[in-house]
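Data first, discussion second: the structure below is written as structure tokens.
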Amino acid sequence: MGDWKTVAVPVLSSDSKNIFQYTSEKKISPPNMNAQVLRLPLPSSKSMHSFFSAFCTEENIEQSISYLNRELTTLGFPSIYAESKGKELNLISIINCMNELLVLQHKNLRAQEEVEMQHLKLGSDMDHLQNCYAKLKEQLELSKREIVGLQERDRQLQSKNRNLHQLLKNEKDEVQKLQNIISSRATQYNHDMKRKEREYNKLKERLHQLVMNKKDKKIAMEVLNYVGRADGKRGAWRTDKTEARNEEQMYKVLLNDYEQRQKQLLLENAELKKVLQQMKKEIISLLPPQKQKPKERCEDGPVLSDLEEDIGEFNKENMWELSCETVREQLTNSIRKQWRMLKNHVEKLDNQVSRVHSGALNDKDVISREDHELETEKLELEIQQCKEMIKTQQQLLQQQLMSPCDDDTTLLLQDCYLLEERERLQEEWRLFQEQKKNFEKERRSFTEAAIRLGLEVLEKWKGIRKGTPMEDSITITLIQTKNYLMRVVCLLLSLYRELVLLLCKT
Amino acid sequence: MDFSELFKLSGLLGRFSPDGKCLASCVQYRLIIRDVNTLQILQLYTCLDQIQYIEWSSDSLFILCAMYKRGIVQVWSLEQPDWHCKIDEGSAGLVASCWSPDGRHILNTTEFHLRITVWSLCTKSVSYIKYPKACQQGIAFTKDGRYMAVAERRDCKDFVSLFVCSNWQLLRHFDTETQDLFGIEWAPNGCILAVWDTCLEYKILLYSLDGRLLSTYQAYEWSLGIKSIAWSPSSQFLAIGSYDEKIVYKEVEKSPSVETERFSFPPTRALASSVFSTQSKYDISQVPVSFQYIKPVADRANPKMGIGMLAFSPDNCFLATRNDNIPNAVWIWDIQKLKLFVVLEQLCAIQSFQWDPRQPRLAVCTGNSKVYLWSPAGCVSVQVPTEGDFQIVSLCWHPSGDSMALLSKDNFCVCYLEREEVK
């Protein structure tokens, strides 16, 4: 194996694209050829052929072929020589190799395209991500600034809050202080007042003493004569007895007062109890009868029976026995229970009514209000219509009966009616005449037919007097004609009858 | 309505006798007794000095005239015009004077409230009550006249003494839990005594006749407190008017934390109000109505704010009040429903109002020459037909409710009302 040396071929100065080609340099190969190879410029579109021709010339065909063979074998392709050693080329293998090389070349090109595409994609992704990153960075900056701002505000508000709290505390302290001041001043004033009052009392005492000591003649009462006491009795000495009597009197007064109040309260109580009893009775009467459904209202059942028992009890007892504690409690408790029951009952009724209003109740017995109202409206309309009809009929009747009795008009009217009738009769008469004519015609035809039939029968009778078999047929025909005639006669009679009837009608 | 002519008067001293037969009036130092129906002078008495106070005895037989400057009380008899009685307090001085319920004793309060002297007209005996309290309502008699409550102060503490009026024996003596007692008042049933504290402290105490503390009520601390109170005629409720423009309507039996109704005076809301107009008639104006609200001067004592006047109607149906912040209006509350019933708004500040002793009829005067009457049926304003100025500042009803005396500074007149037929 030779040493490999990768050499970049220098760029051509022409306007073609640069293609870097890596060629391997073999030491074994003659240097001049390799050098030639090395020094050769890059192949361009124009100089492609020249490059290709530069590699293999007429002089070094064999060397180029062996070189190529070596390269191919190292790449893994089969040898292009026909035999392992020899100068004959295996054309098939050469072509195969060429094909393989072309395929490889295509594959490589495709791979290159893919790689380039991916490269582009990655590049655009990268751009996009960079943009996003830039934007997010901006946003982050903004939010950070906002946060800072909000924090500042929060700080300010908190400090304000603290200030206000402080102010409030200060105010409260001040209030407390003022209150303390007030109370302290109040005590001080009280103390001073007391001191002054004591001084004043001393002065008063002194003054009093002076006044009493002076024995002022002036302090006296002049009276012409003493007046009798208001109640006419004499004055009494002050003794312990009188004191006791005073006490007694006072207590009597107090007791009187209490007794009066108690009487009032008793009366009030009695009144209230009466009222309660009445209320109880009324509540019981208001409640619906519950004995039919013992299961549903089992909790009320015993209560009811209790209540009835209570009523019975109360009726037996006297009024003043009702003041007993337990009985009193029972009464109030029973009333409370009943009131609750009544309340529940009323609430239930309310619910029912509201359900009916909303139309949710599906009971046949209960007709919804709206339907009911519609029905009533319809009925009312009908009634109205009937009434109107009756009225108009009455009016017409009255008109007829009490139409203005003017003779001319009546005659005219009568004439009108007669004219009508006459015309009708005339019409019918005409019809009758026509029918009569028709009947005449028919009768004539029938009679002629009958005559002819008779003549024929006679002739036949004359002709066949000698033979009998003809008799039957003749009788038959005779009977037939007879029937026929009978029928005709009947028909005529019926027609005649009808005519008569017609005439009678008119 | 009939009006009598004007008569001279001084010191707003015009009083009907308790039996309703006579009317006493003072002109300087003269006491004139007139017949109520004819206003003819029945008696004329002359006192030693200008009369400052007159009071009829409960049986209408005697009338006392007090002259504080001279310290003299003179008592006159109606039955015997010659009879005279003079009580001279001398150097002790005289600050107040009143009758006892039996009409035979006179209680004189000496100067500086040194003592109360009980002078008897029947006997020669004199009694002294020491250390009376120097307050507005220091003496209170029960309605039936059996007991007397006197407020006392010893050693800077308040006490209440209960005396039996028939023999002036001390019944009970107990201390009260007040800082500075301001007033005492018996309930109409005579069994409960209301004691309330100074306006610096909102506190009202209820004591039973035998001296037990029944209950206390304190609405709040530190602000100005009770200004006026009124017992309901049934003695079941107590109306307390305070400086914060609220009325506490309290049931006496219950503890204070329960069952108190507070009426506040909303300045811009009224159920129906009647406004007096120059043509002297009442208009009904629609709600809401705004009133003239006066804010009192803050640095003066006894400010003109709060509920200054409270009065129950005799049938226990209505309560008439006046808020000193809104001096032009009388607020009438329906007690049965605990709601505001009507507000009467006048053009001038209300000087006084009084209920008719027999029926729910309120008479109001505002310092002009008109008298206003309100009843649930309606209200009417009547001009007194006089020549010249007649500024009515006070009025008082006749015990029967048929007439009333309208008093001004210098004159008075009697107004006769038509008696409503009672079926």
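The values are calculated or read from the model by the stated rules, or taken from the named source; none is laboratory data. Since the model is a prediction, treat every value here as computed from it, not as a measurement. Neighbour counts run over all protein chains shown; Cβ positions are idealised from the backbone, glycine included. Note: accessible area is taken over every heavy atom of the protein model, side chains too, but ligands, DNA and RNA are not part of it. Shrake-Rupley method; radii C 1.70, N 1.55, O 1.52, S 1.80 Å.
Miscellaneous remarks
- Region B:292-386: proportion of alpha-carbon pairs further apart than 17 angstrom, %: 51
- If the convex hull is drawn through the Cα atoms of region B:36-89, its volume per residue in Å³: 92
- Taking 16 Å as the cut-off, the amide N atoms of region B:377-391 that come nearer than this to a point 7 Å along the Cα-to-beta-carbon line of B:Asp410 belong to B:386-391.
- Distance from the Cα centroid of region B:313-384 to that of region B:1-42 is 25 Å (rounded to whole angstrom).
- Shielding by partners - mean other protein chain Cβ count within 10 Å, residues of B:166-174: 4
- For peptide A:244-257, the mean count of partner chain Cβ atoms within 10 Å of a residue's Cβ comes to 5.
- Dipole magnitude for region B:185-251: computed about the Cα centre from +1 point charges on Lys and Arg Cβ and -1 point charges on Asp and Glu Cβ, it is near 100 debye.
- Across region B:24-161, Cα-Cα pairs farther apart than 22 Å form 40% of the total.
- A:Ser494-B:Ser223 pseudo-label distance in nm [points 7 Å out on the Cα-to-Cβ vector]: 12.4
- Amide hydrogen neighbours beyond the local backbone of B:Ala96, cut-off 5 Å, H modeled: B:Thr109
- Rounded to the nearest whole Hz, the Karplus-based 3J(HN,Hα) values (6.51 cos²θ - 1.76 cosθ + 1.60, θ = phi - 60°) of region B:413-418 follow the sequence 9, 10, 10, 9, 9, 5, with x at glycine and proline.
- When the C-alpha to C-alpha distance is required to be over 28 Å, the pairs from A:Lys252/B:Lys337; B:Lys304/B:Lys370; A:Lys274/A:Lys343; B:Lys86/B:Lys130; A:Lys144/A:Lys169; A:Lys241/B:Lys157 that qualify are A:Lys252/B:Lys337; A:Lys144/A:Lys169; A:Lys241/B:Lys157.
- Dipole magnitude (debye, nearest 20) for region B:48-195, charges at Cβ of Lys, Arg, Asp, Glu: 280
- Spin-label pair A:Gln249-B:Asn167: with each label point 7 Å from Cα along the Cα-Cβ axis, the two points sit 0.8 nm from one another.
- Pair B:Asp299, A:Gln156: separation of 7 Å Cα→Cβ label points (nm): 4.3
- Kirkwood Rh in Å, taken over region A:79-148 so that all alpha-carbon pairs contribute: 17.1
- In plain terms, the bigger the Kirkwood radius, the slower the diffusion; for region A:89-198, with that radius from Cα pairs, at 10 °C and 1.306 mPa s, Stokes-Einstein puts D at 66 µm²/s.
- Per residue, the convex hull spanned by the Cα atoms of chain B measures out at 160 cubic angstrom.
- Karplus (6.51, -1.76, 1.60) ³J(HN,Hα), θ = phi - 60°, over region B:69-75, in Hz, Gly and Pro reported as x: 5, 8, x, 10, 10, 10, 10
- Computed from point charges on the beta carbon alone (+1 for Lys and Arg, -1 for Asp and Glu), the dipole magnitude for region B:61-120 about its Cα centre is near 160 Debye.
- Nearest-0.05 FRET efficiency for A:Leu286 and A:Asn190, computed from C-beta distance (R0 56 Å): 0.30
- Length-normalised contact order for chain B - Cα pairs under 8 Å, 6+ apart - percent: 10
- Placing unit charges on each Cβ (+1 for Lys and Arg, -1 for Asp and Glu) gives region B:164-259 a dipole about its Cα centre, and among B:Phe182, B:Gln218, B:Ala230 the Cα reaching farthest toward its positive end belongs to B:Ala230.
- Largest-first principal axis extents, alpha carbons of region A:107-266, Å: 160, 55, 29
- Over all pairs of different C-alpha atoms in region B:161-210, the reciprocal of the mean inverse distance, the Kirkwood hydrodynamic radius, equals 11.7 Å.
- Derived scalar couplings ³J(HN,Hα) [region B:346-362; Karplus, 6.51 cos²θ - 1.76 cosθ + 1.60; whole Hz; x for Gly, Pro]: 10, 6, 10, 5, 7, 8, 7, 9, 9, 7, 4, x, 10, 9, x, 10, 10
- For A:Lys378, solvent-accessible area (1.4 Å; no DNA, RNA or ligand), Å²: 110
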